[in-house]
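Each remark here refers to the structure printed beneath this line.
The values are calculated or read from the model by the stated rules, or taken from the named source; none is laboratory data. Since the model is a prediction, treat every value here as computed from it, not as a measurement. Neighbour counts are summed over all protein chains in view; Cβ atoms, including those assigned to glycine, are modelled from backbone coordinates with ideal geometry.
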Ligand code: 13P
């Protein structure tokens, strides 16, 4: 097992292009020594500014969604090819906010994953249970189903361009973090699902992040778990010192 951590900020619908460039300028010197992968996931409209600001640095840029068709009459949508051509390397897919507010389903997430991989992007695939599902003790079933459906048709070679983010919905933006043990338990379960689909070697190499109220204070403990290979950070990724502290915790 020799997995390199990945710390990705999900800025959600925050920051104008000028603000995005300024935040990246602030983050850049603070993460220049990072040994983990560092990614910022910005709104579509901020992508050019983010790509420009990260040029020559080791910070990767992610979009927060993409459509599965390459082009056509799909008003308001952005294709994976468009992202790829501009230099975007990553795309966050299946985030619970997309599923809750914008009608994403396991099947549409599967199509988006297909489109993104075909375009050459690396996917950060979000899965996670709601509070009701956890209380009904079906976390394992839900997360396994989301993972399996999203990866339908994804080859073992392509799996190396998929990062899975376990984000319990009840922990997102609530300040209520999963315990390190809860986070590790579900990340380990996802790894066992991957092992069933792709074999133990591929599962051992796969990167599985935790997301949900991860911050500068709790990152080290979460990242110390054997099956947690990084973080997908919302609120704390909008503050350069906090994001940098999480990157530092992942760089040890
Ligand atoms: P918070 O870190 O704000 O809880 O958000 C997590 C998240 O949704 C990252 O995708």
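Among the residues of the stretch 190-237, the ones that are without any contact (Cβ under 8 Å) to a residue 12 or more places away in the chain and either within 21 Å of residue 173 (Cβ to Cβ) or in a strand (DSSP E or B) (or both) come to 1 in all. Of all residue pairs spaced 6 or more apart or on separate chains, those with beta-carbon atoms under 9 Å, a first member in the stretch 67-92 that is more than 24 Å from residue 165 (Cβ to Cβ) and a second member that is assigned to a loop (DSSP other than H, G, I, E, B) are 69/77; 70/119; 85/119.
If you take the residues of the stretch 104-120 that are in a loop (DSSP other than H, G, I, E, B) and more than 16 Å from the ligand (Cβ to nearest atom), which of them is surrounded by the most Cβ atoms within 10 Å (Cβ to Cβ)?
Going through the qualifying residues, I end up with 119.
Restricted to the stretch 170-189, and to residues there that are on the phi < 0 side of the Ramachandran plot, within 11 Å of the ligand (Cβ to nearest atom) and outside any helix (DSSP H, G or I), the residue that is surrounded by the most Cβ atoms within 10 Å (Cβ to Cβ) is 178. The number of residues in the stretch 66-75 being touching a helix residue (DSSP H, G or I) at 6+ places or on another chain (Cβ under 6 Å) and closer than 12 Å to residue 104 by Cβ comes to 2. Taken together, the residues in the stretch 238-252 that are buried (at least 19 other Cβ atoms within 10 Å of the Cβ) and either at pLDDT below 95 or not in a helix (DSSP H, G or I) (or both) amount to 1. Take the residues in the stretch 193-223 that are under 18 Å from residue 37 (Cβ atoms) and touching a helix residue (DSSP H, G or I) at 6+ places or on another chain (Cβ under 7 Å), then tell me which one is surrounded by the fewest Cβ atoms within 10 Å (Cβ to Cβ). Among residues in the stretch 193-223 that are under 18 Å from residue 37 (Cβ atoms) and touching a helix residue (DSSP H, G or I) at 6+ places or on another chain (Cβ under 7 Å), the one surrounded by the fewest Cβ atoms within 10 Å (Cβ to Cβ) is 220. Taken over the stretch 131-159, the criterion of being within 29 Å of residue 83 (Cβ to Cβ) and part of a loop (DSSP other than H, G, I, E, B) is satisfied by 151, 152, 153, 154, 155. Every condition in (1) at pLDDT below 95; (2) on the phi > 0 side of the Ramachandran plot holds for residue 199 except the one numbered (1).
Taking the stretch 126-147 as the range and being away from the ligand (no atom under 16 Å from the Cβ) and closer than 12 Å to residue 189 by Cα as the test, the residues that pass are 139, 140, 141, 142, 144, 145, 147. Among the residues of the stretch 94-103, just one is away from the ligand (no atom under 11 Å from the Cβ) and within 16 Å of the chain's Cα centre (by Cα), namely 99. The one condition from (1) more than 18 Å from the chain's Cα centre (by Cα); (2) farther than 23 Å from residue 27 by Cα that residue 194 does not meet is (1).
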